[in-house]
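Peer 1: Here it is, the structure, as structure tokens.
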């Protein structure tokens, strides 16, 4: 049933070449996850240095320039290189499995997305090699980012790599939107889709609509810096506020791009461990859609201090308050899901419940910020740093960790240790609150964000010290997780196909799944097809079906399944794209060289036959 | 407030000293109690559900498969909406009250943000100062905000909320301070290398004290003549102004009544001989990235300049 994680017969078997050319969504998912976890360590180390510097008033561990680079890189890394790709890892691995598909709609575009993300991240971090990391914040407000006020290469690295990462995200969003709309198994109607796939779907649509705004903003910035235009230059009639609008009309939907996948994960994990269906399923789905929709109408609540006037302040305030309603609906439905269940306390459940408990705090402080008079007191202070970390760390990352612990057996074929899993949860939960809760007090006490030093008589030192201790507690938790992961891969207990007694399609196949996912595309007749199969319609009071909907697992001997063929060309194309971006730092010839590689890559990709000749997978009697 | 025990200092936002700050604080308290109430109820429900419905040994194989409850759903959609309405109404009235036009006799002050210091212009009183803003208690101030370079944000926590200083356009804050004292402030929008060092002080004076201070500031300077010659010879006048003399540089702070300020270098150091000498020797070591260059001053020039600055009262 289970095979070695990496070894003969595993979908992960094969040398370097097989990884460079892979178009298997599961392997691409694993690549996304490994890369994102690597950057989690990088962004985490940046955070620890920031915390060390702030542990003492007037400390000199790093100077102002290094500090400004660190918080800029910490924010940019965690948003674009950790939280988004960690979610992308799960989109990749899980969406085809959850909807009953053999791969994504565009397998090579999928590989292209991953490589472009990887190279974009490397380009961003290459700035460290030149000692010129970006230093204008992850939000990069104009006109501080202009050539006049940021003459170095840091901002160029930042804007070019964000463009590359944006292309990766948009390509991926096109791919998964198409996959979800077109590749669902027969009977997998939209309303039967698992919640993770549903919230991921909303996320893809948000990415498609939000990234173009920041792309335009970055192109303006690029023109200002490279070609001497004046989009953001007040001295020549431009307006720096334009950047803030373009950035936040992307940036606020981006918040939901980061949180909705975790909402989806929690909505899949809680029912499994409560052994009940998700309470109010249609409400949870439609509230997710409502959050995504309203998310486009509230961007200026990041700009209450810019002086927009009372009418705009009121409009964006009301829009922001409205988002609290669907968010509250989700939280109540999660509690409703637990209510009356038989709750099994495994690590994924702990992380999912932790996500709910912590996200509530971030949501409530968000309501405070939705009120402009209160917001302009708390704006750009540590109160907002507390708020956003309760949302992104307590919400997004705890949700993603719930997902990692939940689907780990499916991905690797091994169980994670429950003891170490629970240990890492509790350490992380304590460390998280120790680090971020006191930031509320510091914000109320007048400590602004993004300051590398503060006066000894400010009275801020004690809480800063507590926070620094908390940050290292979080680091220990992450370390325990990595120990757990390595132990599991080396000698973990082999996972069964369905270790949690779950309800959705991915648990019907072997752990890890075969390359082709489904030997026979399943016929779906319920939102919980596998549960129905296991327990029958009598136990599922709302589903009136006669057929138990057995998801087929055994193919006929000699049956042929066509799979997309591996290809080097997506890798070459994204290498060309990233080189063209990096070339902008060198000269026109380097840009043209990159473009040439990109063009060759795209043409060769288009001309290479799509599918491997169908291979008779069960000629030898199955695995 | 329930936050008294949270180690907040004297300069906390929750101790307002103006009408502007008090309106904000009243609204904050309303929202604080609502959110605290929601927090307690929802987290208790969550913890209770986890404890009450934990799996027990003799549970049946699966619990009852409940899919939802329409009236409950409608209820917990409407309940937040009603609470939000209770927050939105005072929010809207506070927004419009705080952004109402100032009375016609308001004291006009203009704050100009610079990397990394504050310029305060009193157009009706005819003088300019830096990094320390004085206002009279009880009189409405119309503070106009703009920037000479990048975006900054004016923030004195106890005064009330912050407002950005945008290059190329003007913002305003209208407030009436009601408590005499000295209050800390700081730039709140990240503005480059020494953003953390862009501090200021707000002095709320009794009206008579304010008048005395303003009269002093409006007088032309009477600089020490030897020191003034050194000032010119060292090139200081390229950036700094001393009103009443030909020195009219506009790049750095106006120094006309430098000696009357309690701090210098955007509030980083007390206005005393030793720190001042250290600053003149190497500005960058005090405020990294400072645009004032290290002038390689000889000891003779240094003490001459110190005499000048101390005399500019």
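Peer 1: How many percent of DSSP beta bridges within chain B run antiparallel, rounded to 5?
Peer 2: Working: 28 of 41 bridges.
The answer is about 70 percent antiparallel.
Peer 1: Here is a follow-up. Sort A:250-259, B:164-173 for me by packing, meaning the mean count of neighbouring Cβ atoms within 10 Å per residue, highest on top.
Peer 2: The most tightly packed comes first, giving A:250-259, B:164-173.
Peer 1: Shifting gears a bit: Tell me, what is the FRET efficiency for residue A:153 and residue B:291 to the nearest 0.05, using R0 = 25 angstrom and their Cβ-Cβ distance as r?
Peer 2: Numbers: r = 22 Å, r/R0 = 0.86.
The calculated FRET efficiency here is 0.70.
Peer 1: From the square roots a ≥ b ≥ c of the eigenvalues of the alpha-carbon gyration tensor of the protein assembly as shown, which class results: rounded (a/c under 1.5), prolate (a/b over b/c), or oblate?
Peer 2: On the way: a/c = 2.47, a/b = 1.75, b/c = 1.41.
Judged from the Cα gyration tensor, the protein assembly as shown comes out prolate (a/c at least 1.5, a/b above b/c).
Peer 1: Report, in degrees rounded to the nearest 10, the 0 to 90 angle that the Cα long axis of helix A:84-99 makes with the longest principal axis of chain A.
Peer 2: Computed tilt is about 20 degrees.
Peer 1: Let me ask something additional. Once the Cα atoms of helix A:398-412 and of chain A are each reduced to a long axis, what angle between those two axes, in degrees from 0 to 90 to the nearest 10, is obtained?
Peer 2: For A:398-412 against chain A, the angle is about 30 degrees.
Peer 1: Next up: Which percent, nearest 5, of DSSP beta bridges in the protein assembly as shown are antiparallel?
Peer 2: Values: 33 of 47 bridges.
Of those bridges, close to 70 percent are antiparallel.
Peer 1: Classify segment B:225-311 from the C-alpha gyration tensor, please: rounded if a/c falls under 1.5, else prolate or oblate depending on whether a/b exceeds b/c.
Peer 2: On the way: a/c = 1.28, a/b = 1.22, b/c = 1.05.
The shape class here is rounded.
Peer 1: So, in nm, how far is label residue A:13 from label residue A:479 when the simple model puts each one 7 Å beyond its Cα toward the Cβ?
Peer 2: So the label points at residue A:13 and residue A:479 sit 3.7 nm apart.
Peer 1: Same structure, new question: Which residues does the label zone of residue B:41 cover in segment B:82-118, counting backbone N under 19 Å from a point 7 Å along Cα→Cβ?
Peer 2: Label zone hits: B:82-90.
Peer 1: What distance in nm lies between label points placed 7 Å from Cα along the C-beta direction at residue B:100 and residue A:490?
Peer 2: My value for the distance between the label points is 7.2 nm.
Peer 1: Here is a follow-up. Roughly how tilted is helix B:299-311, in degrees to the nearest 10 and between 0 and 90, from the longest Cα axis of chain B?
Peer 2: 70 degrees
Peer 1: Take the Cβ-Cβ distance between residue B:74 and residue B:52 as r, set R0 to 30 Å, and report the resulting FRET efficiency rounded to the nearest 0.05. Walk me through the numbers on the way to the answer.
Peer 2: Details: r = 24 Å, r/R0 = 0.81.
Efficiency computed from Cβ-Cβ geometry: 0.75.
Peer 1: Additional query: What's the ranking of B:61-68, A:529-536, A:78-85, B:194-201 by average number of surrounding C-beta atoms within 10 Å, highest first?
Peer 2: Numbers: B:61-68: 15.6, A:529-536: 20.5, A:78-85: 25.6, B:194-201: 24.1.
Sorting B:61-68, A:529-536, A:78-85, B:194-201 by mean packing, highest first, produces A:78-85, B:194-201, A:529-536, B:61-68.
Peer 1: Please list B:307-313, A:240-246, B:108-114 highest first by mean number of surrounding beta-carbon atoms within 10 Å per residue.
Peer 2: Values: B:307-313: 18.0, A:240-246: 21.7, B:108-114: 20.1.
Highest to lowest by the protection proxy: A:240-246, B:108-114, B:307-313.
Peer 1: Okay, next question. Working only with C-alpha atoms, what are the Rg and Dmax values of chain B, expressed in angstrom?
Peer 2: For chain B, the Cα-based Rg and Dmax read 26.9, 97 Å.
Values quoted throughout were computed directly from the atomic coordinates according to the rules given, and no laboratory measurement underlies them. All values reported here derive from a predicted model rather than from experimental measurement. Here the Cβ is made from the backbone with ideal geometry for all residues, glycine too, and neighbour counts use every protein chain on show.
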